[in-house]
Amino acid sequence: MKTKTLIALASVAMLFSCGQNTKESTEKNNPDLENFTSKQMKGVEQISIDVDLDGAVKRLSKAVTYKTISNQDRSDFDKEAFSSYHEFLEESYPEVHKTLKKELHGDPRPFSLLYTWEGKDPTLQPALFYAHMDVVPVPEDSRDQWKVEPFAGTVKDGYIWGRGSLDDKNQVHAILEAAEMKIKEGWQPSRTIYFVFGQDEEVGGAEGAKKVADVLEERGIKRFAYIMDESAPLTPGIFPGIEENTALIGIAQKGFVSLELAIHGIGGHSSMPPEESNIGILAEAITKLEKAQFPYRIHPAVRQQYLYMGPELDAENQPLYAAVAFGKDGEVTDMEQKFIEVMSKNEVTRAMLHTTIATTMFNAGIKDNVLPPSATAVVNFRPMPGDTPEVIMAHIKKAIGDDRITMKDISASTPATNIADASGPGYKMLEKTVRQIWGNDLIVSPFFVVGGSDSKHFQARDFAPDVYTMTAIQLENTEEFKGFHGVNERILVDEYAKSIGFFYQIFDNLESL
Ligand SMILES: [Zn+2]
């Protein structure tokens, strides 16, 4: 998961300051404010679940030693690391492997795992839990900052250390530990539960998660009752402006489209150049495109985020948060305009407001005295809902107004996802489970994920209207976030016990969904 964007986008709350109105003075003239009250679930009884923590810690620390690394260069894929990790899972969770059906999927390399835990009632809609087995590499120049060897699986000072301990092998193993416990107790779910463990989340999931989503779609699943994937862990102060412990639940993700723009003309000798070179023509087209930014609008998931988070934020800006929360798509009030103006001031929060345009590659020319016969550029877009590749191409065509430029979709593109229902039973069940495990002294809120994880391959399809993303682990503070893709990745042993308890409990809670 790309966590940097997560923290930064949450920081929008801090951008508003020095509002002049108090909640009391404006309430009379703004009826929305009367309904703008805390949406936090109250009075959930906290429970504690006994787990075999020593055994579980041994298994997770051993898991870290398998170098299931996703490199950007896909030919650099360690099949042996994945195969031996799969074998290790089989040895570690014998009951799961006796009871659940295990399949390998992935194209061209079948190293993603799909487990099917057959439910007692085939008429019930299934549920799916997603986590990924791959990890990001450890750059050589960061090695000296690690306090432990990143792939040693060290356990010390009350932490499990190493690459993947936080992102995301802890979730793979917490799910399997909980399932193993349940099966030993003779428990079987009523609805079928799938586990999907991806092989290439860190490079977009085109080989793994996308393929598994295709397989499940081909099997005729009409609708999942509940899908869960990683995103933000529970962290105090993750949403600036709120010091309390907070669980952010991702309810929507942006899409991903990469287009290659090209010009194919005639080359020639540099001693007799035409007035316009291919490089010049393409560069001008890119400049025009960057000047034609997609318009700003407030994503429905951002409205949901402020509906839940707004009442917990500063009193003076309540009218502003309420305006965003209760605003209507297609209309922009003055308050919403103010929100958009503030949000568009920095690139991270601006990314929440529109389909972004990022020119990432530009290729032309091989020699100083040869005019290249062609030039190509790659532009990466992160679309808002409705901005399909076709819509984006029409936008480009209009912006550059040059028929000499051709366009080609070179990505395993995914559209902006469905927006999960933040007032629906799946969200409520998730919030209840979070409170059962971590107590009521925390804020739970939906949020809009600008980065994205593998569940986008499910969430963009009709069968998955409600996908919720949250990493079920408690971090002590925002400082621990640096472990995601960074140095000294680690989790607290005691908190890992709660992760396992979380999945154990959510399997039960799914029964009443
Ligand atoms: Zn991840």
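The values are calculated or read from the model by the stated rules, or taken from the named source; none is laboratory data. All values derive from a computational prediction rather than experimental measurement. Note: ideal-geometry Cβ built from the backbone for every residue, glycine included; neighbour counts use all protein chains shown.
Assuming Tyr194 fulfils every condition listed in (1) more than 17 Å from Ile500 (Cβ to Cβ); (2) part of a helix (DSSP H, G or I) apart from one, which condition is it?
Of the numbered conditions (1) more than 17 Å from Ile500 (Cβ to Cβ); (2) part of a helix (DSSP H, G or I), the odd one out for Tyr194 is (2).
Can you report the number of residues in segment 488-507 which are farther than 19 Å from His173 by Cβ and either at pLDDT below 95 or within 16 Å of the ligand (Cβ to nearest atom) (or both)?
0
Mind checking whether some residue in segment 451-459 is among the polar types (S, T, N, Q) and away from the ligand (no atom under 16 Å from the Cβ)?
no
Could you name every one of the strands (runs of 3 or more DSSP E) located completely within segment 225-315 that has at least 2 residues being over 19 Å from the mean Cα position of the chain (by Cα)?
Fully inside segment 225-315 and qualifying: 257-264.
Could you go through segment 356-363 and let me know if any residue there is assigned to a loop (DSSP other than H, G, I, E, B) and at pLDDT 95 or above.
For segment 356-363, residues assigned to a loop (DSSP other than H, G, I, E, B) and at pLDDT 95 or above: absent.
Select, from Phe448, Phe463, the only residue that is touching a His at 6+ places or on another chain (Cβ under 6 Å) and not basic (Lys, Arg).
Answer to the selection: Phe448.
Let me spell it out: the conditions are (1) within 16 Å of the ligand (Cβ to nearest atom); (2) crowded, with 24+ Cβ neighbours inside 10 Å, and Tyr226 meets all of them except one. Which number is the exception?
(1)
Restricting the search to segment 151-189, which residues are in a loop (DSSP other than H, G, I, E, B), within 16 Å of the ligand (Cβ to nearest atom) and not hydrophobic (A, V, I, L, M, F, W, C)?
Gly162, Arg163, Gly164, Ser165, Asp167, Asp168, listed by residue number.
Applying the selection to segment 197-224, what residues are among the small types (Gly, Ala, Ser) and part of a strand (DSSP E or B)?
Once the filter is applied, which keeps residues that are among the small types (Gly, Ala, Ser) and part of a strand (DSSP E or B), segment 197-224 yields only Gly198.
Considering each of Gly241, Gly237, Gly198, Gly205 in turn, give the residue that is within 15 Å of the ligand (Cβ to nearest atom) and modelled with pLDDT under 95.
Every option except Gly205 fails the conditions.
Answer yes or no as to whether Glu275 is at pLDDT below 95 and farther than 24 Å from Glu34 by Cβ.
In short, yes.
Would you check if there is a residue in segment 406-415 being touching a residue at least 12 places away in the same chain (Cβ under 8 Å), more than 30 Å from Val379 (Cβ to Cβ) and away from the ligand (no atom under 16 Å from the Cβ)?
No, every residue in segment 406-415 fails to be touching a residue at least 12 places away in the same chain (Cβ under 8 Å), more than 30 Å from Val379 (Cβ to Cβ) and away from the ligand (no atom under 16 Å from the Cβ).
Could you tell me whether segment 2-14 includes any residue that is part of a loop (DSSP other than H, G, I, E, B), at pLDDT 50 or above, surrounded by 11 or more Cβ atoms within 10 Å (Cβ to Cβ) and more than 16 Å from the ligand (Cβ to nearest atom)?
The answer is no, given that none of the residues of segment 2-14 is part of a loop (DSSP other than H, G, I, E, B), at pLDDT 50 or above, surrounded by 11 or more Cβ atoms within 10 Å (Cβ to Cβ) and more than 16 Å from the ligand (Cβ to nearest atom).
Kindly indicate whether any position in segment 420-435 is more than 14 Å from the chain's Cα centre (by Cα), of a type in the set (Phe, Trp, Tyr), buried (at least 21 other Cβ atoms within 10 Å of the Cβ) and away from the ligand (no atom under 16 Å from the Cβ).
Yes, segment 420-435 contains at least one residue that is more than 14 Å from the chain's Cα centre (by Cα), of a type in the set (Phe, Trp, Tyr), buried (at least 21 other Cβ atoms within 10 Å of the Cβ) and away from the ligand (no atom under 16 Å from the Cβ).
Pick from Thr123, Thr99, Thr116: which is over 24 Å from the mean Cα position of the chain (by Cα) and surrounded by 15 or more Cβ atoms within 10 Å (Cβ to Cβ)?
Thr99
Take the residues in segment 462-476 that are outside any strand (DSSP E or B) and out of contact with any Pro (no Cβ under 6 Å at 6 or more places or on another chain); name whichever of them is farthest from the ligand (Cβ to nearest atom).
So, considering only residues that are outside any strand (DSSP E or B) and out of contact with any Pro (no Cβ under 6 Å at 6 or more places or on another chain), the one farthest from the ligand (Cβ to nearest atom) is Asp462.
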